Amino acid sequence: MVENHAGSNDLLDTTDCLEAVGVFKGWKNLLFLIVVVCLLLLQASFFLVDQGYVETAGQASGGEANAQPTTNIELTEPIGSDELTTPVEPNAPAEPDESLEINKTPEMDSPEGANQPTGPNALAEPEPALWRPQPASETNPAQLRLVAKWLPPESFSWLTFGRLAWTINLVNAVLILTATLYCLTLLFSLKVSMHGRLGGINHITRAFFLSLLMLVLLLPWQKVFGSVVTGAVFTPDEMVKWHAAKTEDLLDIILYYLRFSGYGVLMLLLLILSQVRSLRWAKAILRRLEII
């Protein structure tokens, strides 16, 4: 009697744990999809700013982004103004150039030959650089390569930097909250699996620590520790500041793309590895139940 009663209690506990695992699996998969979408939205926002689809001139806090207005003011003053203000007599005779007298012909001395063209191709031709339109490739080659390679800039004319900044802040809030819930869901799944002796403890433990590492690296630690520790989440002002300070130096370009693209790819990789481990945990539970 006592053994049968104990076996029935274990069976009830296992059944309850399986029901809890089913609930946690559903929420875990939903939170996983939300985190993936948020990470992709952050990368899309960075791509729009980096490729010039969204204008960011003067958007950095404190006016650190661009200093073009001061440059334009300095260029308004004419160079060499003292020489330009020197009065020139309109009827002053020009000094003859001795180099022109070498090719001087007798026809040019006569009044009839003064106005006549010399040579077979002496007809005056218009200046080609003034009236001929420039080829499209010479106007803005970077923009044409962008249009040919990606999307036309007119398709994002409605997207201003204010709207993009609001979207980034919203995505950051949803991303941090969802990643925290995803990590806690794996923690509760670990506790339920240990309590119900469902198996797959190795997989669910690895999945939890991968999600915990992703959450720690995801948080914006630069708001607390400055430039000592940097999180994967970035703010609009930070993105504009890095974009304005980008140079042609190879090291700066590598650090720039590692900060905004490489960090996000690392978070996505940790999230996928954690999800794969949790799927293996679910399969281990099914195999153990079949054995029982």
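We did not get these values from a lab; they are worked out from the coordinates using the rules stated. Note that the coordinates shown come from a computational prediction; the quantities given were computed from them, not determined experimentally. Using ideal geometry, Cβ is built from the backbone for each residue, glycine included, and neighbour counts are taken over all protein chains shown.
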Original post:
When you look at Met239, is it touching a Ser or Thr at 6+ places or on another chain (Cβ under 9 Å) and within 24 Å of Ala165 (Cβ to Cβ), yes or no?
Top reply: yes
Subject >> Of the criteria (1) more than 25 Å from the chain's Cα centre (by Cα); (2) among the hydroxyl-bearing types (Ser, Thr, Tyr); (3) more than 27 Å from Val37 (Cβ to Cβ), which one Ser189 fails >> reply: (3)
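Would a scan of region 175-184 turn up a residue that is in a loop (DSSP other than H, G, I, E, B), out of contact with any Pro (no Cβ under 6 Å at 6 or more places or on another chain) and closer than 28 Å to Leu31 by Cα?
If we filter region 175-184 for residues that are in a loop (DSSP other than H, G, I, E, B), which is where we start, we get none.
Within region 175-184, none of the residues are in a loop (DSSP other than H, G, I, E, B), out of contact with any Pro (no Cβ under 6 Å at 6 or more places or on another chain) and closer than 28 Å to Leu31 by Cα.
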Original post:
Which of the residues that make up region 176-223 are surrounded by 16 or more Cβ atoms within 10 Å (Cβ to Cβ), closer than 24 Å to Thr15 by Cβ and among the β-branched types (Val, Ile, Thr)?
Top reply: Thr185, Val192, Ile204, Thr205
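Can you confirm whether region 255-268 contains a residue that is assigned to a helix (DSSP H, G or I) and more than 16 Å from the chain's Cα centre (by Cα)? Outline the logic, then answer.
Pass one, region 255-268, residues assigned to a helix (DSSP H, G or I): 255-268.
Narrowing the set further to residues that are more than 16 Å from the chain's Cα centre (by Cα) leaves none.
Taking every residue of region 255-268 in turn, none turns out to be assigned to a helix (DSSP H, G or I) and more than 16 Å from the chain's Cα centre (by Cα).
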**OP:** Only residues that are touching a Pro at 6+ places or on another chain (Cβ under 7 Å) and of a type in the set (Phe, Trp, Tyr): list them for region 189-239, please.
**Re:** none
